[in-house]
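Enquirer: Following this message is one structure expressed as structure tokens.
The values are calculated or read from the model by the stated rules, or taken from the named source; none is laboratory data. Not measured: the values here are computed from a predicted model. FYI the Cβ positions are ideal-geometry reconstructions off the backbone, even for glycines, and counts take in every protein chain you see. The area values use the complete protein model at the heavy-atom level, side chains included, leaving out ligands, DNA and RNA. Shrake-Rupley method; radii C 1.70, N 1.55, O 1.52, S 1.80 Å.
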Amino acid sequence: MRKLSVVIPCYNSEKNIGNVLEEFQNMFDGQNKWEYELILVNDCSKDNTIKVLKTMADKFKNVKVVDLVKNSGQHSAMLAGFKCATGELIATSDDDGQTPLENIMQLVEKIDEGYDVVCAKYTQKSQPSIVRRFGTLCSRKMMEWLIDKPKGIVLSTFFVARKVIIDEMVKYDQPYPFIPGLIARTTSKIANVEMKQKARGAGQSGYNFKKLLSMWLNGFTAFSIKPLRIASFTGFFCCAIGVLSSLILIIRKIIDPNILMGWSSIFCLLLIIGGLILCMLGLIGEYLGRIYMCINKTPQYVIREIYEKQ
């Protein structure tokens, strides 16, 4: 019998996670083809999520609860769950009820066609927040440009992967994980299955603009040096413009000695160049800061306890 592990990061999801687990249990009960386990990672929720998860672990079989000491973010929580997974295939799901778990076997069937990772591609999303829609668009464009993922492939948080891929992903022990980047650098055998996203059960998304920005920076700085190359190109371009402008001014002055040299243009030019220099230094500083955090071995997450029914 084959085994499927499902990792679900949970944050402030006491009102939704019970329905998610009920749906999953009802889907798999009564079948004899698959053994399964649910790994629920409590990302230091502020509500009673941990109590709900432990109650579910006592109620249902094959449920394991991983409780983190501090809020580490969705991607770190996934890696914490991956380390506890024992299935031949490992899937992920959101905790808000929007993931169409009834389609999980479609992802599994696609895996059996020879792919290493199969992700859901939502043709219809229930995502009313403008910030989330903008964040999703920016994240997708960033991954297309920075990460060497197959063209036309969407990397979502609802996916199924082979154990060998997950085992390679959890070797990444740096403090700024980015799951799509880890997938793309591990394998190119990635496929999509189209489906519709369901409406959120209750509450609102835990992703605000600050958290989305932090996630983008993880993708930018952890898996690509292209931003540094942009900094170099921008510096070279500005230098070239400055040299060209100087030559034009010198030639004009030679042709017409009566031309007055304006302080306003120099002032604007200094502001532009100075701003660009500070931006580039900030980008380099971001890389150096993250290198420093990696050297210090800042942990991705700290597990308080692993709870399961005895």
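Enquirer: Is the stretch 142-149 home to any residue that is outside any helix (DSSP H, G or I), modelled with pLDDT of 80 or more and either more than 25 Å from LEU278 (Cβ to Cβ) or open to solvent by less than 40 Å² (accessible area, probe 1.4 Å) (or both)?
Expert: There is no residue in the stretch 142-149 that is outside any helix (DSSP H, G or I), modelled with pLDDT of 80 or more and either more than 25 Å from LEU278 (Cβ to Cβ) or open to solvent by less than 40 Å² (accessible area, probe 1.4 Å) (or both).
Enquirer: Still on this structure, please answer the following. Would you call ILE166 within 23 Å of ASP95 (Cβ to Cβ), open to solvent by less than 40 Å² (accessible area, probe 1.4 Å) and modelled with pLDDT of 85 or more?
Expert: yes
Enquirer: All but one of (1) part of a loop (DSSP other than H, G, I, E, B); (2) modelled with pLDDT of 85 or more; (3) within 14 Å of the chain's Cα centre (by Cα) hold for TYR176; which doesn't?
Expert: (2)
Enquirer: Which of the residues spanning the stretch 65-87 are farther than 20 Å from GLU37 by Cα and either open to solvent by less than 20 Å² (accessible area, probe 1.4 Å) or of a type in the set (A, V, I, L, M) (or both)?
Expert: Hit for the stretch 65-87 is VAL69, nothing else.
Enquirer: Exactly one condition in (1) modelled with pLDDT of 75 or more; (2) open to solvent by less than 60 Å² (accessible area, probe 1.4 Å) is false for ILE259; which is it?
Expert: (1)
Enquirer: Look at LYS51 and say whether it is in contact with an Asp or Glu (Cβ under 9 Å, 6 or more places away or on another chain), open to solvent by 10 Å² or more (accessible area, probe 1.4 Å) and at pLDDT 90 or above.
Expert: yes
Enquirer: Going by the conditions given, is ILE17 open to solvent by less than 50 Å² (accessible area, probe 1.4 Å) and touching a Gly at 6+ places or on another chain (Cβ under 9 Å)?
Expert: It is true that ILE17 is open to solvent by less than 50 Å² (accessible area, probe 1.4 Å) and touching a Gly at 6+ places or on another chain (Cβ under 9 Å).
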